[in-house]
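The values are calculated or read from the model by the stated rules, or taken from the named source; none is laboratory data. The structure displayed is predicted, hence computed values, not measured ones. Here the Cβ positions follow ideal geometry from the backbone for every residue, glycine too, while neighbour counts run over all protein chains shown. When the accessible area is computed, the model is the full protein with side chains, heavy atoms only, and any ligands, DNA or RNA have been set aside. Shrake-Rupley method; radii C 1.70, N 1.55, O 1.52, S 1.80 Å.
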Amino acid sequence: MEKRLIVGVTGASGSIYATTLMNALALMDWQVELIMSVTGEKVLAYETGIERSAFPENVHIHENDNLFSSLASGSYRTAGMVVIPCSMNTLGLMATGTGDHLLARAAQVTLKERCPLVVVPREMPFNIIHLENMLRLARAGATIMSASPGFYHQPKEMQDLVNHVVGKVLDQFGIENTLFKRWSGV
Ligand SMILES: Cc1cc2nc3c(=O)[nH]c(=O)nc-3n(C[C@H](O)[C@H](O)[C@H](O)COP(=O)(O)O)c2cc1C
């Protein structure tokens with residue numbers, strides 16, 4: 001398997017999930033093919049205080065308006081794509097196979113190549129259109145993982161909750177990790 005993962009970051013709240021994922025992948029020597037929507041980059045800077053210049057070295061940024069990027073083609077091999085956090089706007093684009101930016105195109109490519117597409121939506125509450133879009137995407141092969149951490153590992157800090165979600169995302173790609181304490185029965 002290629003040690004390259006496409007990471008899409010959109011303008012939903014919860015960009016700490018994306019920064020935690022990128023840091024975890026850096027430690028495991030994975031290359032991150034990062035696409036940020038315009039609002040995604042702004043929300044990330046607002047919520048975390050982290051600018052693109054401070055991303056780990058393993059992060060290769062593809063501009064969202066660059067449809068000449070390698071990620072626009074299924075001939076470029078990756079382990080798949082995760083959209084984290086995923087806005088309802090980008091969810092809608094992916095569910096309808098539309099959108100003229102790289103993030104939406106890369107998601108279409110990932111689905112057509114039958115590679116794993118993991119979507120981490122963040123919104124509350126969901127309206128019926130959001131729910132239908134999730135169902136449509138799931139039927140097309142995507143895995144919908146709501147940004148809702150478990151509490152059975154008895155988290156002490158916010159980062160423990162974030163790590164639980166990110167660890168479960170990594171599990172979806174078969175990437176071994178110890179980000180969270182697994183349930184082993186009582
Ligand atoms: C601080 C902030 C937080 C936001 N949180 C969410 C959210 O949790 N979920 C969501 O769907 N949209 C959220 N939005 C709205 C999206 O950013 C907006 O719909 C935008 O058009 C998404 O564009 P994108 O899909 O290209 O990133 C938020 C916006 C801001 C400024």
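Looking at segment 73-98, which of the residues that are open to solvent by 50 Å² or more (accessible area, probe 1.4 Å) and closer than 17 Å to residue 131 by Cβ is farthest from the ligand (Cβ to nearest atom)?
Only one residue tops the list, namely 96.
Restricting the search to segment 2-13, which residues are within 12 Å of the ligand (Cβ to nearest atom) and either part of a loop (DSSP other than H, G, I, E, B) or open to solvent by 30 Å² or more (accessible area, probe 1.4 Å) (or both)?
Residues satisfying the conditions are 10, 11, 12, 13.
Any chance segment 151-167 includes a residue that's closer than 30 Å to residue 185 by Cβ, surrounded by fewer than 17 Cβ atoms within 10 Å (Cβ to Cβ) and hydrophobic (A, V, I, L, M, F, W, C)?
Looking through segment 151-167, at least one residue is closer than 30 Å to residue 185 by Cβ, surrounded by fewer than 17 Cβ atoms within 10 Å (Cβ to Cβ) and hydrophobic (A, V, I, L, M, F, W, C).
Could you tell me which residue of segment 151-162 is nearest to the chain's Cα centre (by Cα), considering only residues that are of a type outside the set (A, V, I, L, M) and more than 15 Å from residue 183 (Cβ to Cβ)?
159
Looking at segment 14-34, is at least one residue surrounded by fewer than 22 Cβ atoms within 10 Å (Cβ to Cβ), touching a residue at least 40 places away in the same chain (Cβ under 8 Å) and touching a Gly at 6+ places or on another chain (Cβ under 7 Å)?
The answer is no; no qualifying residue exists.
Go through segment 36-57 and count every residue that is within 16 Å of the ligand (Cβ to nearest atom), polar (S, T, N, Q) and either within 21 Å of residue 25 (Cα to Cα) or crowded, with 18+ Cβ neighbours inside 10 Å (or both).
2
Which one is farthest from residue 111 (Cα to Cα) among residues in segment 55-90 that are small (Gly, Ala, Ser) and in contact (Cβ under 8 Å) with a residue 40 or more places away in the chain?
Here the residue is 87.
Here is a yes/no grid of residues against (1) modelled with pLDDT under 95; (2) surrounded by fewer than 22 Cβ atoms within 10 Å (Cβ to Cβ); (3) within 11 Å of the ligand (Cβ to nearest atom):
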| site | (1), (2), (3) |
| --- | --- |
| 59 | no, yes, no |
| 71 | no, no, no |
| 100 | yes, yes, no |
| 122 | no, yes, yes |
| 127 | no, yes, yes |
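Residue 104 passes all but one of (1) within 16 Å of the ligand (Cβ to nearest atom); (2) open to solvent by less than 10 Å² (accessible area, probe 1.4 Å); (3) in contact with a strand residue (DSSP E or B) (Cβ under 8 Å, 6 or more places away or on another chain); which number fails?
Status for residue 104: all satisfied but (3).
Please find, within segment 14-51, the residue that is nearest to residue 167 (Cα to Cα) out of those that are in contact with a Lys or Arg (Cβ under 9 Å, 6 or more places away or on another chain) and assigned to a loop (DSSP other than H, G, I, E, B).
28
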